[in-house]
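What follows draws every value from the coordinates through simple rules; no lab data is involved. Not measured: the values here are computed from a predicted model. Glycine gets a Cβ as well: all are built from the backbone with ideal geometry, and neighbour counts include every protein chain shown.
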Amino acid sequence: MEGAWQFHPVFILLLASVVLSAGITTYSFRNRETPGATALGFLSLSAGWWSAAYLLQLTGATLDWQFMWLRMSYLGSSFLAPSLFVFAAQYVDARIDITPRLVAVLSLPIVVISLLAVTNPLHGFMWTVTGLTETPLAIIQRDFHTGYYALIAYSYLVVLVG
């Protein structure tokens, strides 16, 4: 590996995603009196966080850098499913009463699993890092464990129900 930083044209798309998500988030929160706008704001905030963290992860060509931003990406990506559920329910005017309690119940497993992702070096419940690949970009390689599959299963369940 020549340097600690790398570039690939896909970074431009990730940056565009971050900028677009920031615009949608700002617009949604400014118009939060509109049904579904707040949920859309959180949905786009989650997507923007995930894109930004992934972009930062890929710019670094060292294992420590990539591992740090990989863990940070879960703070955004994990909240996509509950945000999408709430947004869809509000957007189609479903007969579901979206209360703070319902949002908390939907989000609690995500919060717990996201914290497990961030603290993964302490317990390895989510994955084990096996190294970096180097073609065409250096990208972290992992073996997935129970926590990761629980997060994926729960997220897909919430999206499916939504």
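Rounded to a whole number, what is D in µm²/s for the range 34-162 from Stokes-Einstein with the Kirkwood radius over alpha-carbon pairs (25 °C, 0.890 mPa s)? Could you put the intermediate results ahead of the total?
Values: Rh = 15.6 Å.
So the translational diffusion coefficient is about 157 µm²/s.
Could you pull out the longest piece of the chain with no exposed loop trypsin sites (Lys or Arg not before Pro) in it, calling a site exposed if DSSP puts it outside H, G, I, E, B and it has at most 16 other Cβ atoms within 10 Å?
On the way: sites that count: Arg32, Arg95.
Longest run free of exposed loop sites: 96-162.
What FRET efficiency would be calculated for the residue pair Leu15, Val118, taking the C-beta separation as r and a Förster radius of 30 Å, to the nearest 0.05? Walk me through the numbers on the way to the answer.
Working: r = 24 Å, r/R0 = 0.80.
Given R0 = 30 Å and the Cβ-Cβ separation, E is 0.80.
What value, in deg cm²/dmol to 500, does the helix sum -39500 (n - 2.57) over DSSP H runs of n ≥ 4 give at 222 nm once divided by the residues of the chain? Don't jump to the answer; show the numbers that get you there.
Details: 7 runs with 110 residues, N = 162.
So the helix-based figure for the chain works out to -22500 deg cm²/dmol.
If each residue of separation counts as 0.36 nm, what is the full-extension length gain between Leu108 and Thr135 once their alpha-carbon separation is subtracted? Kindly include the intermediate steps, with their values, before the conclusion.
Values: separation 27, 0.36 × 27 = 9.72 nm, distance 3.78 nm.
Gain on stretching Leu108 to Thr135: 5.9 nm.
Between the alpha-carbon centers of the range 112-134 and the range 42-90, tell me the distance in whole angstrom.
15
Between Ile96 and Ala22, with labels modelled 7 Å along Cα→Cβ, what's the label distance in nm to one decimal, could you check?
With each label point 7 Å from Cα toward Cβ, the separation is 3.1 nm.
Along the charge dipole of the chain, which of Thr38, Ala81, Ala153 sits closest to the positive end, that is, farthest toward it, with unit charges on the beta carbon of Lys, Arg, Asp and Glu (+1, +1, -1, -1)?
Among Thr38, Ala81, Ala153, the one farthest towards the positive end of the dipole of the chain is Thr38.
Along the charge dipole of the range 41-162, pointing to its positive end and built from +1/-1 on Cβ of Lys, Arg, Asp and Glu, which listed residue (Thr99, Thr59, Leu115) has its Cα farthest out?
Thr99
Give me the distance in nm between label points sitting 7 Å out from Cα along the Cα-to-Cβ direction at Thr34 and Leu63, one decimal.
Simple spin-label model gives 4.8 nm for this pair.
Is there a quick way to get the dipole size of the range 2-126? I mean about its Cα centre, with the Cβ of Lys and Arg at +1 and of Asp and Glu at -1; what is the value in debye to the nearest 20? Show your work: numbers first, answer last.
Working: 5 positive and 5 negative charges, 48 e Å.
Once rounded to the nearest 20, the dipole reads 220 debye.
Once you've got the GNM for the chain with C-alpha springs shorter than 10 Å, pick whichever of Leu137, Leu40, Leu55 has the biggest mean-square fluctuation.
Comparing Leu137, Leu40, Leu55 in the GNM, the peak value goes to Leu137.
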